[in-house]
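**Q** Below is one structure. I have some questions about it.
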Amino acid sequence: MNYISKINKCTECRTCENYCSIFLSTGKYAPHEKLKISKLILLVSEKPENWETIFYCTKCEACDIVCPENIPITKIIDEARYECVKKWGVQFQRQLKLTENIFKTGNPFGSERPRFEWLKNPINKSSKTLLHLGCMISYKYPEMGKNVIAILDELGIDYTISPNERCCGYFIYNTGNHDAALKLIKENKKELKKYKKIITACAGCTIFFKINYGLGNKVHHIIEIVDKSIRNTELKSMDNSSKKAIFHDSCHISRPFDILKQPRNILKKLGYNNENNNFIEFDLTGKFGTCCGADGGMRIVNKDLSLKVGMDRVLEASNKADILFTMCPFCINNFREVAKDNNIKIEIKDIFEELRKALCE
């Protein structure tokens, strides 16, 4: 792809500013500005001024879908990050550490403990369907993993978990070290090729498997599987009339794959809907929803900015609702940290926590 010709199509109409999470939170680092810096990075041999701002992007892809010139802004930013690594090496110490951890321990946290030690009974049954939980769930939010597993079991869905699961490499790729990520992809595909179908529970793993691993329709996010399975299932009656809920879409599955109705279908079955007047939407929602601030490498290179973006989202939620639902562990992690650090009063839950109560208890 001729990225320079694509960049030159930008008319600086600034439409992207109305949907960019970073710009809306800071008034800076707009996508059209990143295109200018990306062009310099792609063309020059010395690092240009403000080169680091191309990393101030969550890769949420909102700018891509609203750009009137159809410029693939996220792909260009990705390429500029890759050029930074090729020309000047890995730029951030935390990126180096996470990459080292992933290749050494199979996870970005550097944890030596078994990935699934929280499972009471190891899941080693034979199946051609793989449940890939991902690092955040496995190491930071095992309760979410337990919820997912309990729901699949209750619905009688066939699956297994690989004892060889490890990080997909999205952490590495997002900050420009594409060559290292490709090495990990090559190694992981040896394990993944054993399965005909892959169920993912992390939005980042989903987009990376589908696009960068080239697995496409072989990969299904769990919300798609569950939504289909419970359409004709009676759930336990739960009184949710006293609390209002709001839902945050996960960027990496909402915009690229149109996974929007499924979580709302489930929330409706759980009693959160317009008829009960207890389901609210964000001002910017669905395909135009803003990001939680955590992904695209943001928390790796600029945690303060990541939390600033997350706080804006949590504050809006807290002004409208009692519960903030989402289903991405990155979103949950960023939102909970923001709420705790700033004493913002709102429950932050993954959908599967509530669904497990209604389906399994």
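The values are calculated or read from the model by the stated rules, or taken from the named source; none is laboratory data. Just so you know, these numbers come straight off a predicted model, no measurement behind them. Don't worry about glycine lacking a Cβ; one is built from the backbone with ideal geometry, like all the others, and counts go over all protein chains shown.
**Q** Taking Lys190 as meeting all but one of (1) surrounded by fewer than 24 Cβ atoms within 10 Å (Cβ to Cβ); (2) under 22 Å from Glu79 (Cβ atoms); (3) not acidic (Asp, Glu), write down the number of the exception.
**A** Going through the list (1) surrounded by fewer than 24 Cβ atoms within 10 Å (Cβ to Cβ); (2) under 22 Å from Glu79 (Cβ atoms); (3) not acidic (Asp, Glu), Lys190 breaks only (2).
**Q** Do we find that Asn188 is within 20 Å of the chain's Cα centre (by Cα) and within 19 Å of Phe330 (Cβ to Cβ) in this structure?
**A** Spelling it out, it is not the case that Asn188 is within 20 Å of the chain's Cα centre (by Cα) and within 19 Å of Phe330 (Cβ to Cβ).
**Q** Take Lys75 and decide whether it is in contact with a helix residue (DSSP H, G or I) (Cβ under 7 Å, 6 or more places away or on another chain), charged (D, E, K, R) and surrounded by fewer than 20 Cβ atoms within 10 Å (Cβ to Cβ).
**A** Answer is no for this residue.
**Q** Something else now. Please indicate, with yes or no, whether at least one residue in the range 184-191 is in a loop (DSSP other than H, G, I, E, B) and of a type outside the set (D, E, K, R).
**A** no
**Q** Let me ask something else about it. Residues of the range 41-66 being in a helix (DSSP H, G or I) and under 19 Å from Cys10 (Cβ atoms), which ones?
**A** Hits for the range 41-66 are Ile41, Leu42, Leu43, Trp51, Thr53, Ile54, Ala62, Cys63, Asp64, Ile65, Val66.
**Q** So which of Cys57, Cys16 is buried (at least 21 other Cβ atoms within 10 Å of the Cβ) and in contact with a Pro (Cβ under 7 Å, 6 or more places away or on another chain)?
**A** So the residue among Cys57, Cys16 that is buried (at least 21 other Cβ atoms within 10 Å of the Cβ) and in contact with a Pro (Cβ under 7 Å, 6 or more places away or on another chain) is Cys16.
**Q** Follow-up. I want to confirm something. Restricting to the range 342-361 and keeping residues that are out of contact with any strand residue (DSSP E or B) (no Cβ under 6 Å at 6 or more places or on another chain) and farther than 19 Å from Asp227 by Cα, which single residue is surrounded by the most Cβ atoms within 10 Å (Cβ to Cβ)?
**A** It comes out as Ile344.
**Q** Quick one: count up the residues across the range 214-227 that are touching a strand residue (DSSP E or B) at 6+ places or on another chain (Cβ under 8 Å) and outside any helix (DSSP H, G or I).
**A** So the answer is 4.
**Q** Would you mind telling me which numbered condition in (1) surrounded by 15 or more Cβ atoms within 10 Å (Cβ to Cβ); (2) within 16 Å of Glu12 (Cα to Cα); (3) over 25 Å from the mean Cα position of the chain (by Cα) Glu69 fails?
**A** In the conditions (1) surrounded by 15 or more Cβ atoms within 10 Å (Cβ to Cβ); (2) within 16 Å of Glu12 (Cα to Cα); (3) over 25 Å from the mean Cα position of the chain (by Cα), Glu69 misses (1) alone.
**Q** Within the range 315-341, can you find the residues that are outside any helix (DSSP H, G or I) and either assigned by TED's automatic domain parsing to the domain that holds Cys205 or surrounded by fewer than 24 Cβ atoms within 10 Å (Cβ to Cβ) (or both)?
**A** Ala321, Asp322, Ile323, listed by residue number.
**Q** Let me ask another. So which residues in the range 192-206 are more than 24 Å from Glu52 (Cβ to Cβ) and outside any loop (DSSP other than H, G, I, E, B)?
**A** Residues satisfying the conditions are Leu192, Lys197, Ile198, Ile199, Thr200, Ala203, Cys205, Thr206.
**Q** Additional query: Between Arg94, Arg81, Arg115, which is within 30 Å of Leu152 (Cα to Cα), of a type in the set (Lys, Arg) and either in a helix (DSSP H, G or I) or in contact with a Ser or Thr (Cβ under 7 Å, 6 or more places away or on another chain) (or both)?
**A** Arg115
**Q** Still on this structure, please answer the following. Need the failing condition index for Trp88 against (1) under 19 Å from Asp179 (Cβ atoms); (2) within 21 Å of the chain's Cα centre (by Cα); (3) not hydroxyl-bearing (Ser, Thr, Tyr), just the number.
**A** It is condition (2) that Trp88 fails.
**Q** While we're looking at this one, here's another question. I'm checking my understanding of the structure. Among residues of the range 19-54 that are of a type in the set (Gly, Ala, Ser) and farther than 20 Å from Val85 by Cβ, which one is surrounded by the most Cβ atoms within 10 Å (Cβ to Cβ)?
**A** For the range 19-54, the residue satisfying everything is Ser21.
**Q** Which of the residues that make up the range 1-23 are free of Cβ contacts under 8 Å to residues at least 60 places away in the same chain, of a type in the set (D, E, K, R) and part of a helix (DSSP H, G or I)?
**A** Residue satisfying the conditions is Glu17 alone.
**Q** Which one of these is within 27 Å of Ile54 (Cβ to Cβ), free of Cβ contacts under 8 Å to residues at least 40 places away in the same chain and surrounded by fewer than 20 Cβ atoms within 10 Å (Cβ to Cβ): Asp283, Asp312, Asp304?
**A** The match here is Asp304.
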